[in-house]
Amino acid sequence: MPSPLTDAKGRKPMGSVVPFRKHEPGTQPNYLYPAYVATRRRAPSQPLISLPHTLSEVTGPVFGHSDVRPNDNDLTTQHPAEPLGQRIIVSGQALDGNGHPVSNSLIEIWQANAAGRYAHAKDGHPAPLDPNFTGTGRTVTDAEGRYRFVTIKPGAYPWRNHDNAWRPAHIHFSLFGPAFVTRLVTQMYFPGDPLFKYDPIFQSISDEKARQRVVSQFDLETTKPEWALGYRFDIILRGREATPFEE
Ligand SMILES: [Fe+2]
């Protein structure tokens, strides 16, 4: 006699999939945060409909190392000379909502150069481009969910959200968890930035503790003597302590 959780062939029916827990209120950016002007146009005007999680939501891509080269996590060695700016190491651990390491997971980052300019055709900020800095990197987490990037500290840059609007220095992160719905796209900030209180993107995470989860910590252990400052940024996918996603 088959178990009530399996079909006649012993397979688990789709309905037995354990869904992900919902985010706690206030721990994710508000869809509508009027001070962040673009959200006025793109925030949903109707209540969201929750779709049940089936196998296609709780499973997802598996990444090997073949397409990621060992040096793809070093943004300072992609050109003939080193980029200008302060060399930094950013490392941490990716964990799931139950505190288990998320191993073999693709992490991609992109950022502005030390002068606060992206190497992108649409960035019109009149700050210099750096011929030795593209600003993109990627890596795959190890068996313990750990990752490490070498890069330079990005500069703050202006944007046209409101008068005299400046983004705090940040690095964009994309992380593919074990399933498509656990993909995280977020921004990592640097501790003590005076621009936090003026930045509606940072402030759109209303829960103070959740907001601190997108701020990296200076870490003397990651810091390499006479070479680079180290910052630690742990990333938690889903669950109560989840890193806030981008809207
Ligand atoms: Fe940015």
> Are any residues in segment 216-247 part of a strand (DSSP E or B), closer than 22 Å to S105 by Cβ and out of contact with any helix residue (DSSP H, G or I) (no Cβ under 7 Å at 6 or more places or on another chain), and if so, which ones?
Replying inline: Q217, G230, Y231, R232, I235, I236
> Could you list, in sequence order, the residues of segment 77-91 that are among the hydrophobic types (A, V, I, L, M, F, W, C) and open to solvent by 70 Å² or more (accessible area, probe 1.4 Å)?
Replying inline: L84
>> Out of L195, L184, L175, L220, I need the residue that is within 15 Å of T27 (Cβ to Cβ) and either in contact with a strand residue (DSSP E or B) (Cβ under 7 Å, 6 or more places away or on another chain) or modelled with pLDDT of 95 or more (or both). Which one?
In response: L184
> Can you name every residue in segment 164-180 that is within 14 Å of L195 (Cα to Cα) and more than 16 Å from the ligand (Cβ to nearest atom)?
Replying inline: N164
> Of (1) buried (at least 20 other Cβ atoms within 10 Å of the Cβ); (2) more than 25 Å from P191 (Cα to Cα), T151 satisfies all except one. Which?
Replying inline: (2)
> Taking segment 100-131, which residues are hydrophobic (A, V, I, L, M, F, W, C), open to solvent by less than 30 Å² (accessible area, probe 1.4 Å) and within 14 Å of the ligand (Cβ to nearest atom)?
Replying inline: I109, A112, A127
> Applying the selection to segment 190-237, what residues are within 20 Å of L95 (Cα to Cα), within 16 Å of the ligand (Cβ to nearest atom) and open to solvent by 10 Å² or more (accessible area, probe 1.4 Å)?
Replying inline: V215
> Going by the conditions given, is F173 buried (at least 20 other Cβ atoms within 10 Å of the Cβ) and assigned to a loop (DSSP other than H, G, I, E, B)?
Replying inline: no
> Which members of segment 62-113 meet the condition of being on the phi > 0 side of the Ramachandran plot and among the polar types (S, T, N, Q)?
Replying inline: N104
>> For segment 26-61, which positions are assigned to a loop (DSSP other than H, G, I, E, B), of a type in the set (A, V, I, L, M), open to solvent by less than 80 Å² (accessible area, probe 1.4 Å) and out of contact with any helix residue (DSSP H, G or I) (no Cβ under 6 Å at 6 or more places or on another chain)?
In response: V37, A43
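The values are calculated or read from the model by the stated rules, or taken from the named source; none is laboratory data. Worth saying up front: this structure is predicted, and the values here are computed from it rather than measured. When we count neighbours, we look across all protein chains shown, and the Cβ atoms used for this are built from the backbone with ideal geometry, even at glycine. With ligands, DNA and RNA removed, areas are computed over all heavy atoms of the protein, side chains included. Shrake-Rupley method; radii C 1.70, N 1.55, O 1.52, S 1.80 Å.
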